[in-house]
Amino acid sequence: YVAAVYEHESILSPDPTVLVDRQSALELMGRNLDIYEQQVVAAARQGAQIIVFPEDGIHGFNFTRSSIYPYLDFVLHSHSVKWNPCREPYLFNDTEVLQRLSCMALKNKIFLVANLGTKQPCEHTDPHCPSDGRYQFNTNVAFNDDGALVATYRKHNLYFEYAFDSPPEPDYKFFDTPFAGKFGMFTCFDILFFEPAVNLIRQYNLKQVVYPTAWMNQLPLLSAVEFQQAFATAFNINILAANIHHPALGMTGSGIYTPVKSFIYHNMESYGGKLIVAEIPVITTDYETNLEKTPFRVSERGNEQLPPLFYAEMMYDNFTFVPVWGEKGELQVCANTLCCYLNYQRAVITDELYALGVFDGLHTVHGTYYVQACALVKCGGLSFSTCGQEVTDATALIDFQLWGNMSTPYIFPLLLTSGITLDFADHMGWKNNYYFISKNRTSSGLLTAALYGRWYEKD
């Protein structure tokens, strides 16, 4: 099928904390919706059957609970009401944004997924009801090619979004399409948690996911395109990911991903939006995990000199590292119960320092979640203290096999190359109690090769 995602540079309110009336709010959102409309037309011309827009793209961000209120549409989160906002605009008040989105889908005969703020009045008898008598949700909406509202999803894992409420129970939301079956739906920070993202995919055996996001890149392990691809690979699904474009805030990175191929956009240099359109296969069966024929060698070391252990902060976590020196070698490094092993060979020795790092613990900055990670990274400079820094360019081509005795089945294989480009492993998967990833010669200089494990039970 043909899919489209649009990375949108949203027109933002000059001061999102100031209270405005509904009319002014609609005016600002209308300017963003005008751009959406142009992109839907362009995508439909290229044969797209579905288009996905980013999180916060219509209204922007950094609101307070009260200042966002004029920007909120009313939407019923019930399955029972069948509603086509374009054809039936009179059913509810405050649905101007939904009506425009619905009409775009209808006019262009395309499935459309967008993110907006929504409101829902609640009774004080409801124990979860906020004191101002209303819920405010960060909401994804999906329309079919006739403009009917086919699914709404309320973001569960909020990322410092004080204007919004988390729904009392996680939403498991998907919608059906004639061209690719069911599409699941979640938003941004949700991708790092079991509920509802992982549970949704597992429970309903979903093979396609739409993913609006407003993601701030964090190297070396959590740049948007790097993690989006790892997620598609780990769950053997297609992901249509639309990010917001604000390079000054570190926000870029969208793509259309299959487990074996990616169409991505990552651009920190220039401004403006970007439409990606790609034809991808519908996934019906599981891809075979490509297992290595060669067994792992964990060498019995004699009295040879072991490289020094050192500690450095990476992703706000205290990693234990060993340097990756020389043209080839075998290394291991452990922390808590996790041991990471690396066999490597370099084509040409460059004056770049690489290190193998391990972390097994609770990550506590910008969210709390338990991580098990084995990571081969390029350091920022030549001293140990630069390992874990954000690096975007590299020249070293390295053949490697990286594995670890992970305690969780949820492993996201990361492979990031120079200029924030992606590569795919030759082989990866479980062998005995080890998860491994291997690659002969990356297409360009290696930035990060890592196994990013999420141990959800220990969050």
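I need the P(r) histogram for segment 22-63: all alpha carbon pairs, bin width 10 Å from 0 out to the longest distance, whole percents.
Whole-percent P(r) values from 0 Å outward: 26, 46, 23, 5.
For helix 22-45, report the angle its Cα long axis makes with the longest principal axis of the Cα atoms of the chain; keep it between 0 and 90° and round to the nearest 10°.
60 degrees
Give me the Kirkwood hydrodynamic radius of segment 164-232 in Å, from all C-alpha pairs, to one decimal place?
Over segment 164-232, the inverse of the mean reciprocal pair distance is 13.1 Å.
Where does helix 224-235 land angle-wise versus the long Cα axis of the chain, in degrees 0 to 90, nearest 10?
80 degrees
Taking only protein heavy atoms into account and a 1.4 Å probe, give the accessible area per residue of segment 1-106 in Å².
Averaged over the residues of segment 1-106, the accessible area is 42 Å².
Please give every one of the lysines within straight-line cross-link reach of Lys328, meaning a C-alpha to C-alpha distance under 16 Å, and leave out same-chain neighbours fewer than 8 residues apart.
Qualifying lysines at Cα under 16 Å: Lys378, Lys439.
Can you show me the helix-derived [θ] at 222 nm for the chain, built from DSSP H runs with n ≥ 4 at -39,500 (n - 2.57) apiece and divided by the number of residues, rounded to the nearest 500.
-4000 deg cm²/dmol
Using only the alpha carbons, work out the radius of gyration and Dmax of segment 310-458 in angstrom.
Every Cα atom of segment 310-458 included, Rg and Dmax give 14.1, 43 Å.
Two decimals, Cα atoms only, Kirkwood Rh: what is Rg/Rh over segment 2-279? Walk me through the numbers before you get to the answer.
Values: Rg = 17.3 Å, Rh = 18.6 Å.
On the Cα set of segment 2-279, Rg over Rh gives 0.93.
Taking the Cβ of Tyr36 as the center, what net charge do the other residues with Cβ under 14 Å away carry, scoring Lys and Arg +1 and Asp and Glu -1?
Result for the local shell: -3.
Counting only protein heavy atoms and using a 1.4 Å probe, what share of the accessible area of the chain belongs to carbon plus sulfur, as a whole percent? Working shown, then result.
Values: 9440 of 18490 Å².
After summing per-atom areas, the C and S share lands at 51 percent.
Give, as a single signed number, the net charge of other residues whose beta carbon lies under 11 Å from the beta carbon of Phe111, with Lys and Arg counted +1 and Asp and Glu -1.
My count for the surroundings of Phe111 gives -2.
Any number yet on Rg/Rh for segment 323-396, C-alpha, Kirkwood? Can you show the working numbers first?
Details: Rg = 13.6 Å, Rh = 13.6 Å.
With Rg and the Kirkwood Rh in hand, the quotient comes to 1.00.
If I measure Cβ to Cβ between cysteines in the chain, which ones have no partner under 4.7 Å?
Cys188
By accessible area of protein heavy atoms, probe 1.4 Å, what ranking do His156, His59 get, highest first?
Ranking His156, His59 by accessible area, largest first, yields His156, His59.
Quick check: net charge around Arg22, other residues with Cβ under 12 Å of its Cβ, Lys/Arg +1 and Asp/Glu -1?
Values: positive: Lys119; negative: Asp21, Glu27, Asp73, Asp94, Glu96.
It works out to a net charge of -4.
The values are calculated or read from the model by the stated rules, or taken from the named source; none is laboratory data. Note that the coordinates shown come from a computational prediction; the quantities given were computed from them, not determined experimentally. Quick reminder, even Gly has a Cβ in these numbers, built from the backbone with ideal geometry, and neighbours come from all protein chains shown. In case anyone asks, the SASA skips ligands and DNA or RNA and just uses the protein heavy atoms, side chains included. Shrake-Rupley method; radii C 1.70, N 1.55, O 1.52, S 1.80 Å.
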